[in-house]
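Here's the structure we're looking at; comments come further down.
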Amino acid sequence: MSGAVSSGAHTYAMRSYRLLMFGVLAAVTFIFGTLAVLATIGRSIGGALVVLVAYAVWLVVCLRAQQRTAVRVTVSASGLDVAWIFGTYRTTPWQQVRRIRFLRSRWDPSRIQQIEVLVIGERPLQFFSRLSEFDMLIAQLREIQPQLVAE
């Protein structure tokens with residue numbers, strides 16, 4: 001984090017994250033599907049149903065977790081534009097942001113690992129260190145909205 005940071009709009013993204021998540025989804029779907037087919041072949045319809053219900057629960061839990069993981073963030077003087085893995089998109093003007101918290105690593109307190117943006121009337125936005133140029137994102141947030149930053 002050296003030098004001045006441009007206060008213009010800048011986009012930070014997780015490269016190849018969508019590809020990774022879709023690959024994991026395909027692999028796990030194949031595994032659960034294979035188990036369900038094997039249970040059906042073994043004449044265990046109850047076992048196949050258990051496998052399918054377990055898959056549905058796994059899918060719901062994972063989709064909810066992905067709703068908290070932003071894959072692209074654009075920071076500008078007007079606010080934050082955030083995109084998630086399955087195409088949902090949200091624009092948050094700075095007037096709606098209550099506080100920006102930098103959450104440090106448990107094992108290395110000098111390293112910021114996550115950014116939490118508290119928004120009035122909404123769930124907090126969470127940005128993880130997997131975003132490109134994460135240190136630059138931190139510096140840009142400190143520069144654009146220093147009054148909102150809580151260390």
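Tabulated data for the structure shown
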item: Cα-projected label distance for LEU59 with PHE22, points at 7 Å along beta-carbon direction, nm; result: 1.7 nm
item: Accessible area of ARG101 in the full protein assembly, 1.4 Å probe (Å², nearest 10); result: 80 Å²
item: Computed FRET value (nearest 0.05) for GLU116 with ARG43, which takes r as the C-beta separation and R₀ as 41 Å; result: 0.20
item: Using alpha-carbon coordinates, inclination of helix 134-144 to the longest axis of the chain, degrees; result: 40 degrees
item: Full-stretch length increase - SER78, TRP107 - with 0.36 nm per residue and alpha-carbon distance subtracted; result: 7.0 nm
item: Potential lengthening between ALA150 and ARG90 on full extension [0.36 nm per residue; Cα-Cα distance subtracted]; result: 19.3 nm
item: GluC sites (Glu not before Pro) restricted to the stretch 80-145 and DSSP loop, no more than 14 other C-beta within 10 Å; result: GLU122, GLU133
item: Listed residue (GLN145, THR11, VAL117) projecting farthest to the positive dipole end of the chain, Cβ model; result: VAL117
item: Mean separation of Cα contacts under 8 Å, 6 or more apart, over the residue count of the chain: relative contact order %; result: 25 percent
item: FRET E, pair ILE31, ARG130, Förster distance 30 Å, beta-carbon r, rounded to 0.05; result: 0.75
item: Which label in (1) 60; (2) 39; (3) 48 gives the computed percent of Cα pairs over 23 Å apart; result: (3)
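The values are calculated or read from the model by the stated rules, or taken from the named source; none is laboratory data. No experiment lies behind these values; they were computed from the predicted model shown. Cβ coordinates were reconstructed from backbone atoms using ideal geometry, including for glycine residues, and neighbour counts include every protein chain displayed. The area values use the complete protein model at the heavy-atom level, side chains included, leaving out ligands, DNA and RNA. Shrake-Rupley method; radii C 1.70, N 1.55, O 1.52, S 1.80 Å.
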